[in-house]
1. Using only Cα atoms and rounding to the nearest 10 degrees, what angle (0 to 90) does helix 181-194 make with the longest principal axis of the chain?
2. Rounded to the nearest 10 degrees, what's the angle between the helix 149-158 long axis and the longest principal axis of the chain, both from Cα atoms, 0 to 90?
3. Tell me, what is the percent relative contact order of the chain, built from C-alpha pairs under 8 Å that lie six or more residues apart?
4. Among 124, 189, 75, which one shows the biggest mean-square fluctuation in a GNM of the chain, springs joining Cα atoms closer than 10 Å?
5. Over region 11-110, what is the relative contact order in whole percent, taking alpha-carbon pairs under 8 Å and six or more residues apart?
6. Rg to Rh ratio, region 2-168, alpha-carbon atoms and Kirkwood radius?
7. DSSP loop (so not H, G, I, E, B), at most 15 other Cβ within 10 Å: list which GluC sites (Glu not before Pro) in region 51-134 pass both filters.
8. Kindly flag which residue pairs out of 81/152; 20/41; 74/106 have an alpha-carbon separation exceeding 20 Å in this structure.
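Here, each number is a calculation from the coordinates, and none is a lab measurement. These numbers were taken from a predicted model, which means no experiment stands behind them. Here the Cβ is made from the backbone with ideal geometry for all residues, glycine too, and neighbour counts use every protein chain on show.
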Amino acid sequence: MNILSIVSYNFLPPKMGGQKGIALFYKFFASHVNLICITTKNNDVAFAENYRVLNILSNNPLRYINIFYFFSLKKIIKKNKITHVIIEHPYYGWLGVLLKWFCKIKLVVHSHNIEALRFKSMNKWWWGILWNYEKFTHRRADINFFIHDDDKAYAINKFKLNAEKCSTITYGFELKRTPSFEEILAAGKIITARYAIKPEEKIILFNGT
């Protein structure tokens with residue numbers, strides 16, 4: 001299998017959760033398939049493990065509507081005998097659908113959440129437009145990856161997807177084993193000492209942008 005993935009933003013080096021999710025997914029996925037990743041110019045290819053990275057997408061926000069990328073990717077698909085295209089998030093849905101139609105390949109949508117609902121929670125008035133575009137993209141995919149069973153169930157129900165074309169791929173990690181109770185206690189002591197947290201207080205760790 002020869003896979004072309006499209007990541008439309010900076011994720012290398014991976015620092016935040018979403019970036020790590022993509023980088024680690026491709027690191028291990030590439031051990032099973034031939035993978036070429038198309039991404040933006042502000043990615044450092046030295047941090048890509050097991051797969052090729054081509055920085056051909058602009059950092060400009062207008063990259064999401066640049067029709068000329070279709071012709072560039074069409075050439076790459078033909079040259080490398082690509083069989084599947086993966087798009088991260090639905091934003092390049094139009095591009096993925098065109099490549100599927102004109103290059104006779106399979107389209108995979110890798111969803112990290114239901115994007116429209118995320119923007120709805122942020123009170124963005126245009127979330128409904130994105131919802132319909134997201135639905136359009138997922139319905140035309142040959143395979144849909146979701147990060148959680150709840151997202152998958154929502155998409156099957158609301159987007160009217162074929163359940164047989166949907167799979168859950170949870171957020172992964174590289175630990176060989178879960179931390180021992182002793183290691184957890186030791187880490188807790190470091191945190192409570194560093195930030196002067198009282199023994200009776202609870203610690204909640206949140207990692208995000």
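1. That works out to roughly 80 degrees.
2. 40 degrees
3. 16 percent
4. Looking only at 124, 189, 75, the largest GNM fluctuation is found for 189.
5. Once divided by the residue count of region 11-110, the mean separation gives 19 percent.
6. Working: Rg = 15.3 Å, Rh = 16.2 Å.
Checking Rg against Rh, the ratio lands at 0.94.
7. Answer by residue number: there is no such site.
8. Correct reply: 81/152.
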